[in-house]
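Comments concern the structure below.
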């Protein structure tokens, strides 16, 4: 298999809930006005805690510094595994499950923090730019590694990046067992033709920027077991949307599509306290048992927590499996 | 003819050019999310100086106080002349020309300030709430006057509002002659089905909120004789748009409509220094000679200046006429 290091230098940021109004102008530009913003990698995820915005340096320039904006200090690079037809994997599962053993586990072993961003199209593994030498050294046995520069891919060898490289210690990292939350909402992972984005503009704007103000006549949801989670990304021209079925009903049914009709997903949220960015092995803790059982999973990291999405029919066995694996009750 | 005093209590505000980013969130709500905002009267006009926003009290609540927002201190009420078929006027002209002699001239004579807002559908004459008694007393000879309350119209008689009414002095007001500016752009006055507003959302957002940032690859306009002027209104469910032909080209041609195809208008801007809100007779100075010559005109007041739109084919004669009338050269 091939591993691509994509030509995006990313920043991971968070906008606090009541600060979103101050960022409506740049965010609408980044989402809808591609001819005005040069941003090629943009992702916005709303959770109950905040809005996580991951974007490249061109996009980051659009966000004015503010007390409402937190910025993780590193530059992150997105990695992407490309099956080139020679894969020996017999797995039918999709998402992080396919890369759990080949990418996520080895990086966790080497104490490399990863920030995961699954989309409809693919799974991006974000690593810190300063960890790149360790990443290449760790993954080059399993992968042919290519680095994208200006649209061209060239092979990367470990010795190219060996300068200053110190292989991290071998001792197993001290793993924290984080509490899990399993909300009741059902989620869809969808896409749409980017040319039809204008057709859903007012609905998307409504959901993203105004869903916290009560709609006239609508009763507030009393269902405390449901979680607010909505993710939009526009990466290299591809749109991906993750939303629950309640949000989905607001969109025209003929424009959004999913890989198979009525495919629904349930969420496992990882973390009771905000996870931070330095702990390693969190994704591995979840993706490893899923991979052992060949269960598909999307995985979306945000500024505070991690979120795995598993097929609805597997949620009971996944819950049991994670409890067993962690020897900790899920909350 | 009937005169309606509409059931809207309006505020006239101005957002400075570089302050618009701070108001993107409430303005997009007011324009596109009618089920979230209760505003029934909304108008936004961009000029080179600022953005003039006229809106009812429900809409005004959406605008947070800010150093970027100026608010005229009065409450304004919109008047609307309704032809009931018994009109003796033989004029084919549209716009303020039809009401120049019956409304605008008599109010100017009584020193009542008016703020004009022509739309595709009709012409609103805004008067200060505190001037209402004078207005009714002045216009009741010419009109049957009805006041709208909760959708119902009831006849208003002068004695109903006579309390405290002091007819203004009879001496002719000291008129200032303001310089005129006649830019080269051609304007269109258009409408669209409010249900199709979502279809032009991204274009309208682009033009309203991002037109001051350079488009990638576009050269800045060198034509200093053209003026930035774009007006959008959504009043009682009716949409009206006034824009120049350059802006019009950005919109899909099949959604916007005008009363006759390819009807183009030229602008006369009134005022060299900001006009303020207290001077009376400015509209009358312009509308009177146009009415004498039966020339159609739209008239849009903004926070700083007044703007008359006249048919393109009449601009030469209008320029000459206004120069003659004022015995002052236009600039």
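The values are calculated or read from the model by the stated rules, or taken from the named source; none is laboratory data. The model shown is predicted, which means the values in this text are computed figures rather than measured ones. Methodologically, a virtual Cβ is constructed for each residue, glycine included, from the backbone with ideal geometry; neighbour enumeration extends over all protein chains shown.
Here is the figure for region B:200-215: residues that are more than 7 Å from every other protein chain (Cβ to nearest Cβ) and either surrounded by 15 or more Cβ atoms within 10 Å (Cβ to Cβ) or modelled with pLDDT of 95 or more (or both) total 6. Might you check whether a residue that is modelled with pLDDT of 90 or more and either assigned to a loop (DSSP other than H, G, I, E, B) or under 18 Å from residue A:175 (Cα atoms) (or both) occurs anywhere in region A:239-249? The answer is yes, given that some residue of region A:239-249 is modelled with pLDDT of 90 or more and either assigned to a loop (DSSP other than H, G, I, E, B) or under 18 Å from residue A:175 (Cα atoms) (or both). All conditions but one from (1) out of contact with any strand residue (DSSP E or B) (no Cβ under 7 Å at 6 or more places or on another chain); (2) modelled with pLDDT of 85 or more apply to residue B:261; the one that does not is (2). On the basis of being surrounded by 14 or more Cβ atoms within 10 Å (Cβ to Cβ), modelled with pLDDT under 95 and either within 14 Å of chain A (Cβ to nearest Cβ) or closer than 21 Å to residue B:47 by Cβ (or both), does residue B:179 make the cut? So residue B:179 passes the test. Here residue A:259 does not fit the description of being buried (at least 22 other Cβ atoms within 10 Å of the Cβ) and touching a residue at least 60 places away in the same chain (Cβ under 8 Å). Of the residues making up region B:228-255, those that are closer than 27 Å to residue B:8 by Cα and touching a helix residue (DSSP H, G or I) at 6+ places or on another chain (Cβ under 8 Å) are B:230, B:232, B:234, B:237, B:238, B:239, B:243. Looking only at residues in region B:27-42 that are more than 8 Å from chain A (Cβ to nearest Cβ) and farther than 14 Å from residue B:239 by Cβ, the one that is surrounded by the most Cβ atoms within 10 Å (Cβ to Cβ) is B:27.
Of all residues in region B:4-26, those that are touching a helix residue (DSSP H, G or I) at 6+ places or on another chain (Cβ under 6 Å) and either away from every other protein chain (no Cβ under 14 Å) or at pLDDT 95 or above (or both) total 5.
Looking across region A:137-163 at every residue that is in contact with a helix residue (DSSP H, G or I) (Cβ under 8 Å, 6 or more places away or on another chain) and in contact (Cβ under 8 Å) with a residue 40 or more places away in the chain, the one that is surrounded by the fewest Cβ atoms within 10 Å (Cβ to Cβ) is identified as A:142.
Filter region B:53-72 down to the residues that are within 20 Å of residue B:306 (Cα to Cα) and either assigned to a strand (DSSP E or B) or free of Cβ contacts under 8 Å to residues at least 12 places away in the same chain (or both) and list them by number. B:53, B:54, B:55, B:69, B:70, B:71, listed by residue number. Taken as a whole, the condition of being closer than 22 Å to residue A:303 by Cα, within 14 Å of another protein chain (Cβ to nearest Cβ) and surrounded by fewer than 20 Cβ atoms within 10 Å (Cβ to Cβ) does not apply to residue A:72. Residue B:1 meets the conditions (1) more than 14 Å from every other protein chain (Cβ to nearest Cβ); (2) buried (at least 17 other Cβ atoms within 10 Å of the Cβ); (3) within 20 Å of the chain's Cα centre (by Cα) in every case but one. The failed one is (3). When you check residue A:310 against the structure, is it under 20 Å from residue A:230 (Cβ atoms), touching a helix residue (DSSP H, G or I) at 6+ places or on another chain (Cβ under 6 Å) and buried (at least 24 other Cβ atoms within 10 Å of the Cβ), yes or no? Yes: the conditions hold for residue A:310. Of all the listed residues (B:294, B:254, B:278), the sole one being modelled with pLDDT of 90 or more and part of a loop (DSSP other than H, G, I, E, B) is B:294. The set of residues from region A:1-52 being assigned to a loop (DSSP other than H, G, I, E, B), under 24 Å from residue B:205 (Cβ atoms) and touching a strand residue (DSSP E or B) at 6+ places or on another chain (Cβ under 7 Å) comprises A:39, A:40.
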